[in-house]
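J.: To start, I am sharing the structure in question, which I have written as structure tokens.
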Amino acid sequence: MLFEQVLFFVAAAGAIAGALGVVMIQNPFYSVLALVGHLVALALLFLLLRAEFLAAAQLVVYAGAVMVLYVFVVAYIGGADEPLSPEGGAIARLGPLFALALLLELTIAVGGSELAALESAPGTAAPGFGSPAQIGALLLSKFLIPFEAASFLLLVAAVGAVVLARRRRGLEEAGAEGATQVAREVREPAEPATVAGASGEAR
Amino acid sequence: MSLIAQVQAPTVDFRGLSPLIALVVGANVVLLAGLLRGAGVQRVLVPLLAAVTLIVAGALSVAIWETGDVEPLVQSALAMDTLTLSMSLLFYLAGLATIALSLRSSAVGEAGAGEYYTLLLASISGMVVLAAAENLITLFVGLELLSIPLYVLCGSAVRERASLESGLKYLVIGSVGSATVLYGLALIYGATGQTDLGRIAAAIGEQVEVGDPLLLTGIALTASGLAFKASVAPFHQWTPDVYQGAPTPITAFMAVATKTAAFAVFLRLFDAALSTNQVEWGPALAALALATILIGNVGAIGQRSLKRLLAWSGVAQAGYLLAGVVVGTRLGLQATAFYLATYLVMNMAAFAVVIASERVSERGDDISSVEGLGARSPVLAWPLTIAMLGLAGFPATAGFMGKFYLIDAAVDGQYAWLGVTIVVGSMISLVYYLRVVAAMWMAPDAPPLAGPVRRMSPASGGSPEADPRAQPETVAVALVCAALTIAIGIFPSPLFDLAVQVGTSISGI
């Protein structure tokens, strides 16, 4: 019991520290690593709630696969060279105030529930609660429609990603056109001998 | 093993699900048809298939409506009641109009016809799921299925900076809205221990106190998140920028269908599941409605871009609609459903004219592009005039009947001051609606622009023909919607009867 309580506070503190790290660390690479820490702490919390399958899925899918993808992207576009600096402005300065107001509201709300759950005995979970079999059964019965809708959503998201990211012949042509135009501009004043090199470079 | 043996397959009522199945199948067929080569396929077959999908889904919805209510579907994940069916029909109509308006839009070519119309159909299916959601999980999945295709569609004119900016802005703000909704739903679940809307309604007052802080915070966060989607002030700041940057057919679709979906879920969640808490959320939403009406109408006054003007006007209209939710009565539900239908035809007429005129004008959607339109092409000027008068709430238009109904509901629900606010808001709105009308009929034809002529933007579609006959489908949408605006204004009773049937969908109010 005591061990569980200690573990809870360690995991909760870790989750909050990780979340703060994501927004406060300037270097995007460390920001992603803080997110990994946050997700691992969340998995621990799931474990304390007897949701072993969810905890494992959280570790494998989020902390594992998705975050590796994030790290790849950050490494690929070299985000580490450009620290994220928040832009100044009246609204940017007001932002923390609103965040603080929301935090106060939520604290009052959670405090208002008198944290009754902390004092009470741990809830009685039915045997097999949170097991893969039970989650699977729920997905195929009670939550069949949301499950199917979510799978359709993934298809749609893939289509959307293709729409935004696919190569466009027109755009490349526009780019090439621009390049030839530059070459032409260079060509007119310049000596023929240097043009070949210039236009070749522009291309 | 024993557990697996216990699992009962849920009964799936395919009749009730048929509109959704038609939409999803249609979306996939459209996606595959888009892979075929040939200009005829891209320009004719794909939009035709998308339109057929919507018509089939609409016919199935009407058939379900005719044969009476179906029980909640698949262990109360969805409810195909009259509220869902009526809102679905509005989505299908908005979708059909959007397809017609998109036919010459360059955004279709940029995104690929198959992908563009698939995303449109997916967004509509998300709206149907959202409007039908009887369960917090279904509700959230529906919200995402609605939003994600729209983020992409907003940015689908990738050659235009404004479109990309619009898509990104909508993605960021929409995600914040979705996250807020999710947080709120989690707190409601935490307080009540239920995800079914019916059981939440039963639990409030029994297992959980009405004034439970966790429940109230959950309601507040859910309302804020939905207010993002419905562009209710003070969560409206994204609206003008996103509406202006998005391809105009998508703007029209968002202005009409997304708002309808957001209000459908407002009605179901607040008037059905959380009706016990009406004393708490009623005044809060009423304050939001007051702020929205004033901010939207005042914000619209200084706008020169017609799309921005319609965006601000949409904010104000969201305030009027919220008044029908606030009262939490059957009359309010009927009035909101009625106003959503009139809002659809009036806005579609206005956007159709804006699209037709921005395609041929070098001034884009600036208000000067419609100067002298009354003399140039009255076939476009009349629909926009009717739409503007309707949105302002002139008698003998649909907008007048809708506002009348909403004010009646507000007064009946002890919110008379909100009814007065609607009237005051409509008076302010005359300033900018009539400015557009005056520009069309009283201003001389705009002189050609001095200096370098704006290059015809890719969003303008084909060549700059100055003849409205060159785009008959756009003019047809404008004329049909304008005719409906007048028809509903003069003979409102058929739509009233439908609205009364919608009012029976939520019991206990």
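The values are calculated or read from the model by the stated rules, or taken from the named source; none is laboratory data. If you're wondering where the values come from, they're calculated on a predicted model, not measured in any experiment. In this analysis, Cβ positions are derived from the backbone assuming ideal geometry, glycine residues included, and neighbour counts consider all displayed protein chains. Side chains are part of the model used for accessible areas, which takes the heavy atoms of the whole protein and leaves out ligands, DNA and RNA. Shrake-Rupley method; radii C 1.70, N 1.55, O 1.52, S 1.80 Å.
J.: Output the qualifying pairs, or none if there are none: Cβ atoms under 7 angstrom, residues six or more apart or on different chains, first residue in the range B:484-509 and in contact (Cβ under 8 Å) with a residue 12 or more places away in the chain, second residue open to solvent by 50 Å² or more (accessible area, probe 1.4 Å) and in a helix (DSSP H, G or I).
T.: Close Cβ pairs satisfying both conditions: B:GLY489/B:PHE400; B:GLY503/B:ARG330; B:ILE509/B:ARG330.
J.: Quick one: in the range B:206-217, which of the residues that are touching a Ser or Thr at 6+ places or on another chain (Cβ under 9 Å) and in contact (Cβ under 8 Å) with a residue 12 or more places away in the chain is nearest to the other protein chains (Cβ to nearest Cβ)?
T.: Top of the filtered list is B:LEU214.
J.: Does B:GLU165 qualify as being part of a helix (DSSP H, G or I), at the interface with another protein chain (Cβ under 9 Å from one of its Cβ atoms), of a type outside the set (A, V, I, L, M, F, W, C) and open to solvent by 10 Å² or more (accessible area, probe 1.4 Å)?
T.: Answer is no for this residue.
J.: If you don't mind, another one. Take B:THR84 and tell me if it is touching a residue at least 24 places away in the same chain (Cβ under 8 Å), out of contact with any Ser or Thr (no Cβ under 9 Å at 6 or more places or on another chain), within 19 Å of B:THR258 (Cα to Cα) and of a type in the set (Val, Ile, Thr).
T.: no
J.: Report whether or not B:VAL232 is open to solvent by less than 10 Å² (accessible area, probe 1.4 Å) and in a loop (DSSP other than H, G, I, E, B).
T.: Yes, satisfied.
J.: When you check B:ALA203 against the structure, is it surrounded by fewer than 20 Cβ atoms within 10 Å (Cβ to Cβ), in contact with a Ser or Thr (Cβ under 6 Å, 6 or more places away or on another chain) and under 20 Å from B:LEU139 (Cα atoms), yes or no?
T.: yes
J.: Determine if the range B:53-73 includes at least one residue that is open to solvent by 10 Å² or more (accessible area, probe 1.4 Å), in a helix (DSSP H, G or I) and either more than 25 Å from B:PHE338 (Cβ to Cβ) or within 14 Å of chain A (Cβ to nearest Cβ) (or both).
T.: yes
J.: With B:LEU389, B:LEU373, B:LEU384 as the choices, which residue is open to solvent by 30 Å² or more (accessible area, probe 1.4 Å) and closer than 23 Å to B:ILE301 by Cβ?
T.: B:LEU389
J.: Next question. Restricted to the range A:73-90, and to residues that are modelled with pLDDT under 70 and assigned to a helix (DSSP H, G or I), which residue is surrounded by the most Cβ atoms within 10 Å (Cβ to Cβ)?
T.: That would be A:GLY79.
J.: Let me ask something additional. What number of residues within the range A:108-140 satisfy the criterion of being at pLDDT 80 or above, more than 10 Å from chain B (Cβ to nearest Cβ) and either over 28 Å from the mean Cα position of the chain (by Cα) or more than 25 Å from B:VAL12 (Cβ to Cβ) (or both)?
T.: Going through the range A:108-140 one residue at a time, the tally reaches 0.
J.: Could I ask something else about it? Which residue out of B:GLN278, B:GLN237, B:GLN303 is in contact with a Pro (Cβ under 8 Å, 6 or more places away or on another chain) and either of a type in the set (A, V, I, L, M, F, W, C) or over 21 Å from B:SER156 (Cβ atoms) (or both)?
T.: B:GLN303
J.: Next question. B:GLY399 - would you say it is of a type in the set (Gly, Ala, Ser), open to solvent by less than 10 Å² (accessible area, probe 1.4 Å) and modelled with pLDDT under 95?
T.: yes
J.: I've got another one for you. If you scan the range B:189-205, which residues turn out to be free of Cβ contacts under 8 Å to residues at least 60 places away in the same chain and within 27 Å of the chain's Cα centre (by Cα)?
T.: Scanning the range B:189-205 gives no hits.
J.: Okay, next question. Can you pull out the residues in the range B:19-49 that are open to solvent by less than 40 Å² (accessible area, probe 1.4 Å), within 14 Å of another protein chain (Cβ to nearest Cβ) and either without any contact (Cβ under 8 Å) to a residue 12 or more places away in the chain or in a helix (DSSP H, G or I) (or both)?
T.: B:PRO19, B:LEU20, B:ALA22, B:LEU23, B:GLY26, B:ALA27, B:VAL30, B:LEU31, B:ALA33, B:VAL46
J.: Would you confirm whether or not the range B:142-160 contains a residue that is open to solvent by 20 Å² or more (accessible area, probe 1.4 Å), modelled with pLDDT of 90 or more and more than 18 Å from the chain's Cα centre (by Cα)?
T.: no
J.: Please verify whether B:TYR170 is touching a residue at least 24 places away in the same chain (Cβ under 8 Å), more than 9 Å from every other protein chain (Cβ to nearest Cβ) and crowded, with 24+ Cβ neighbours inside 10 Å, treating the condition exactly as stated.
T.: Against the criterion (touching a residue at least 24 places away in the same chain (Cβ under 8 Å), more than 9 Å from every other protein chain (Cβ to nearest Cβ) and crowded, with 24+ Cβ neighbours inside 10 Å), B:TYR170 qualifies.
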